[in-house]
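Below: the structure, in structure tokens.
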Amino acid sequence: MLKDTLNRWPLVRQILSGADGTGVEAMSERTRNLRPRHEGAEVARSVCPYCAVGCGQLIYHRGGKLVSIEGDPDSFISRGRLCPKGADSFELLTHAKRETRVKYRRPHSALWEELDLETAMDMIADRVWEARERSFVEEEGGEVVMHTKTIAHLGGATLDNEENYLIKKLFAAGIGMVCISNQARI
Ligand code: SF4
């Protein structure tokens, strides 16, 4: 009885166990009984979408719903670690204020309006083609160049190798765009 009572004091537990006070001996009973929210959930391995480091992530899900995203200890790149951005990627999918509609601000307007995706894609395609038609240069200084410098493409780090390959082929070979880069190079 007395031993049980004394054992409730972290200092006593530390002395009795000979530990350094940074482990379970320093925890309250409530803390010792806490369980990770992903306990018992299914898990899939993935890669953080935010930058070119490519840290490994474990995606925990239960009943078709995302439960949590943690660092993958088996990743030879990050060995279980995630920077603050990667550690917060759970909210990339779950945050209540996540934008899920296309926002458009007309020239000289201070207001954002929502567009459906099809309308937005048509507008982008029309403007790219119009700019290309207006600015395409076949020759420069006696050299055949076949390019336009008025349109640029900046990809995001969520694009994978295959997508970047297709973007380069489509925009460079397809319409003569030369200004093509990716956030992952920054
Ligand atoms: S954003 Fe952070 S966690 Fe994600 S890949 Fe880059 S360094 Fe790793």
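The values are calculated or read from the model by the stated rules, or taken from the named source; none is laboratory data. Quick caveat: nothing in here was measured; it's all calculated off a predicted structure. Glycine gets a Cβ as well: all are built from the backbone with ideal geometry, and neighbour counts include every protein chain shown.
Overview of values
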read-out	value
Close pairs from the range 1-13: first in contact (Cβ under 8 Å) with a residue 12 or more places away in the chain, partner loosely packed, with under 11 Cβ neighbours inside 10 Å, Cβ under 8 Å, at least 6 apart	8/29; 10/28
Extreme residue, surrounded by the most Cβ atoms within 10 Å (Cβ to Cβ), among residues of the range 76-99 that are away from the ligand (no atom under 11 Å from the Cβ) and outside any loop (DSSP other than H, G, I, E, B)	90
Qualifying residue in the range 66-75 (condition: outside the structural domain of residue 164 (by TED's automatic domain parsing), assigned to a loop (DSSP other than H, G, I, E, B) and closer than 19 Å to residue 160 by Cα)	yes
Failed item in (1) in contact with a Gly (Cβ under 8 Å, 6 or more places away or on another chain); (2) under 22 Å from residue 181 (Cα atoms), with residue 156 passing the rest	(1)
Residue 110, sole failed condition from (1) part of a loop (DSSP other than H, G, I, E, B); (2) within 16 Å of the ligand (Cβ to nearest atom)	(2)
Residue 51, sole failed condition from (1) surrounded by 11 or more Cβ atoms within 10 Å (Cβ to Cβ); (2) in a loop (DSSP other than H, G, I, E, B); (3) more than 13 Å from the ligand (Cβ to nearest atom)	(3)
Residues that are of a type in the set (Phe, Trp, Tyr) and within 24 Å of residue 76 (Cα to Cα), drawn from the range 1-52	50
When residues of the range 54-63 are limited to those that are touching a Ser or Thr at 6+ places or on another chain (Cβ under 7 Å) and of a type outside the set (Val, Ile, Thr), the one farthest from the ligand (Cβ to nearest atom)	60
2 or more residues of a type in the set (Val, Ile, Thr): qualifying helices (runs of 4 or more DSSP H) within the range 1-45	10-17
Residue check for residue 24: more than 9 Å from the ligand (Cβ to nearest atom), modelled with pLDDT of 95 or more and at negative phi	no
